[in-house]
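K.L.:
Could you have a look at this structure, given as structure tokens, before my questions?
The values are calculated or read from the model by the stated rules, or taken from the named source; none is laboratory data. From a predicted model like this one, the values you see are computed outputs, not experimental measurements. Every residue, glycine as well, gets a Cβ built from its backbone with ideal geometry; the counts of neighbours run over all protein chains shown. To get the accessible areas, we keep the full protein, side chains included, count just its heavy atoms, and leave off ligands, DNA and RNA. Shrake-Rupley method; radii C 1.70, N 1.55, O 1.52, S 1.80 Å.
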Amino acid sequence: MWTVGALAATSARAASFGNPDLPPQGAINGKGPGNLADPGPQTPLLGDQFPSAQSPPPTDVGSMPKGWASFNDAPKRIQNGGWARQVTQADFPVSKTISGVNMRLTRGGIRELHWHQAAEWAIMTYGSCRVTVLDAEGRPYVADVKEGDLWYFPAGLPHSLQGLGPDGCEFVICFDDGEANEFNTLLVSDWFAHTPPEALAKNFGVPAQDFAKIPLQNLWIFQGTLPGDLAADRAEAARGAAAPEHPFIFALGSSKPVRESDSGAIRVADTGNFPVSTTIAAALVTVRPGGIREMHWHPNADEWQYYLKGRGRMTVFNTGPNATTTDFAAGDIGYVNRNYGHYVENTGDADLVFIGVFRAPRYEEVSLSNWLTHTPRALVAQHLNVDEATIAAWPVNGPGVMPG
């Protein structure tokens with residue numbers, strides 16, 4: 001919150017500290033009585049969740065396409081066995097490379113056998129489920145996935161999901177296409193219902209009467225019985241077939257961080273450690289209270305973010321200049337275009353945890369501090385009017401997360 005003293009001090013130095021654009025943007029312009037008031041119709045409960053929109057930092061400038069969306073206000077499609085909600089490019093125009101789905105399956109709830117036109121990447125956020133998939137070589141894979149684990153199914157590979165005990169599961173899916181739609185998938189029940197019984201009989205080598213009771217509407221999500229022992233399911237699915245070359249799941253949550261300190265940690269999954277995931281890379285980021293995910297950008301892909309825990313504030317920078325600050329909470333989605341500079345601050349009193357998803361085979365990042373500390377100090381000093389001694393104290397080799 002801006003105080004009168006802070007506003008006066010900031011206004012006095014606006015031309016030399018902070019936003020260099022004239023006239024300055026933000027609350028520093030609010031010199032008249034009631035200038036910052038908002039007496040019109042409003043919903044304080046909603047507005048209070050976005051303090052950076054109500055009063056942006058004075059360093060914000062210009063405007064960019066909205067980089068915020070949320071599963072919290074996405075309509076749920078509810079069935080017996082679970083539910084799903086989605087945010088696609090139709091809802092979130094800036095998100096051209098990734099569409100997102102939030103799904104819940106009950107204990108025994110089944111997301112029916114199906115396949116997609118896009119690749120499916122997912123992170124388990126609660127509980128556990130059993131996944132099945134068949135690869136393009138006809139090799140089956142069955143596994144149980146727990147909280148913090150990922151799965152990846154390339155486009156066109158048939159698969160299923162089923163919630164396990166004691167309370168099923170919840171997860172977030174990302175498709176490597178911003179227009180991909182969870183409610184418009186290729187379902188096995190749909191294909192059976194729209195194939196003549198005599199064709200089914202010829203295809204499977206059994207009498208047509210055996211298909212008299214197939215469902216005439218698709219199942220999508222439905223309540224089933226809990227699956228049996230994992231080893232038994234694997235043996236039944238295998239039926240003499242070889243195992244896939246690479247696993248379709250990866251334990252990201254318990255993997256070794258690529259960056260870690262008292263301020264937080266960054267864990268990465270890409271083709272380097274999760275070879276099957278050829279079109280999607282991801283970074284799971286934890287920022288301690290008061291900390292900041294350092295200033296950086298991604299040169300090879302846009303970043304689709306999902307906020308799992310805590311509260312944060314992200315500023316995104318682009319040419320123009322343009323700089324926009326947005327607030328995020330659990331269940332929200334952020335989006336940063338490729339090569340746009342950004343940082344994320346923890347604004348709460350608990351850990352901020354979010355995952356960045358990239359339509360790329362490899363995770364790539366350029367750290368601002370790493371760049372500047374590996375450039376001759378005299379050159380940097382002339383750009384920024386900062387002492388070389390100060391530059392020498394900056395962090396080296398991209399720490400990832402910095403303390404508050």
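K.L.:
Please list LEU36, LEU219 from largest to smallest accessible area, probe radius 1.4 Å, with all protein chains kept in place.
P.N.:
LEU36, LEU219
K.L.:
What number comes out for accessible area per residue over the stretch 186-276 if the probe is 1.4 Å? Units Å², please.
P.N.:
Per-residue accessible area for the stretch 186-276 comes out at 64 Å².
K.L.:
Charges at C-beta only: +1 for Lys and Arg, -1 for Asp and Glu. How large is the resulting dipole of the chain about its Cα centre, in Debye rounded to 20?
P.N.:
That gives the chain a dipole magnitude of about 200 debye.
K.L.:
Distance in nm between label sites at LYS256 and LYS76, each 7 Å beyond Cα in the beta-carbon direction?
P.N.:
Rounded to a tenth, the inter-label distance reads 4.1 nm.
K.L.:
Hey, another quick one. Could you please state how large a percent of the accessible area of the stretch 167-215 is carbon and sulfur, counting protein chains only and using a 1.4 Å probe?
P.N.:
54 percent
K.L.:
Next up: With a 1.4 Å probe and every protein chain kept in, tell me what percent of the accessible surface of the stretch 272-382 is carbon plus sulfur.
P.N.:
With neighbouring chains kept in place, the figure for the stretch 272-382 is 53 percent.
K.L.:
Just checking the chain: which Cys have no other cysteine's beta-carbon under 4.7 Å?
P.N.:
Among the cysteines of the chain, those whose Cβ sits 4.7 Å or more from every other are CYS174.
K.L.:
For LYS96, give me every one of the lysines with a C-alpha distance below 17 angstrom, ignoring sequence neighbours fewer than eight places off in its own chain.
P.N.:
Filter leaves LYS66.
K.L.:
Right, next: When the convex hull of the Cα atoms of the stretch 103-198 is projected onto a plane and the area is averaged over all directions, what value comes out in nm²?
P.N.:
With every direction weighted equally, the projected area is 6.8 nm².
K.L.:
Got a sec? What order do ASP270, ASP73 fall in by accessible area at 1.4 Å, biggest, i.e. largest, first?
P.N.:
ASP73, ASP270
K.L.:
Next question, about the same structure. Quick one: if you stick a label point 7 Å off each Cα along the C-beta vector at SER63 and ASP387, how many nm between them?
P.N.:
4.3 nm
K.L.:
Here is a follow-up. Once the whole set of protein chains is in place, how much accessible area is left on LEU186, using a 1.4 Å probe, in Å² to the nearest 10?
P.N.:
So the heavy atoms of LEU186 present about 70 Å² to solvent.
K.L.:
While we're on this one: Just from its helices, what would the mean residue ellipticity at 222 nm be for the chain, if runs of 4 or more DSSP H residues each count -39500 (n - 2.57) and the sum is divided by every residue, rounded to the nearest 500 deg cm²/dmol?
P.N.:
-3500 deg cm²/dmol
K.L.:
Moving to a separate point now. Between ALA193 and THR225, how high is the FRET efficiency from 1/(1 + (r/R0)^6) when r is the Cβ-Cβ distance and R₀ = 25 Å? Nearest 0.05.
P.N.:
0.65
K.L.:
Something else: With the dipole of the stretch 121-258 worked out from charges on the C-beta (+1 for Lys and Arg, -1 for Asp and Glu) around the Cα centre, which of ALA235, HIS194, GLN162 lies farthest toward the positive end?
P.N.:
Result: ALA235.
K.L.:
While we're here: What is the magnitude of the charge dipole of the stretch 25-148 about its Cα centre, with +1 placed on the Cβ of each Lys and Arg, -1 on the Cβ of each Asp and Glu, and no other charges, expressed in debye to the nearest 20?
P.N.:
220 debye
K.L.:
Placing unit charges on C-beta atoms (Lys and Arg positive, Asp and Glu negative, everything else neutral), compute the dipole magnitude of the stretch 186-298 about its Cα centre in debye, rounded to 20.
P.N.:
That gives a dipole near 220 debye.
K.L.:
Which of the lysines could a cross-linker bridge to LYS213, judged by Cα under 30 Å and excluding same-chain residues fewer than eight apart?
P.N.:
Straight-distance partners of LYS213: LYS76, LYS202.
K.L.:
Compare MET402, MET124, MET64 by solvent-accessible area with a 1.4 Å probe and give them largest first, with all protein chains kept in place.
P.N.:
So the residues, ranked largest to smallest area, are MET402, MET64, MET124.
K.L.:
Okay, moving on. ILE98: accessible area at probe 1.4 Å, nearest 10 Å²?
P.N.:
0 Å²
K.L.:
Report the full-extension gain for the segment GLU364 to TRP394: residue separation times 0.36 nm, less the Cα-Cα distance, to one decimal in nm.
P.N.:
Going from the current span to full extension adds 8.6 nm.
K.L.:
Further question: Give the residues of the stretch 129-146 whose amide nitrogen is closer than 13 Å to a point set 7 Å from the Cα of ALA243 in the direction of its Cβ.
P.N.:
What the label zone holds, given the 13 Å backbone N cut-off, is 140-144.
K.L.:
Which part of the stretch 171-193 falls in the paramagnetic zone of ALA212, meaning amide N under 19 Å from the point 7 Å along Cα-to-beta-carbon?
P.N.:
Only 193 pass the distance filter.
K.L.:
I've got another one for you. Scale the Cα Rg of the chain by the rule-of-thumb value 2.2 N^0.38 Å and send over the ratio, two decimals.
P.N.:
Scaled against compact globular proteins, the figure is 1.16.
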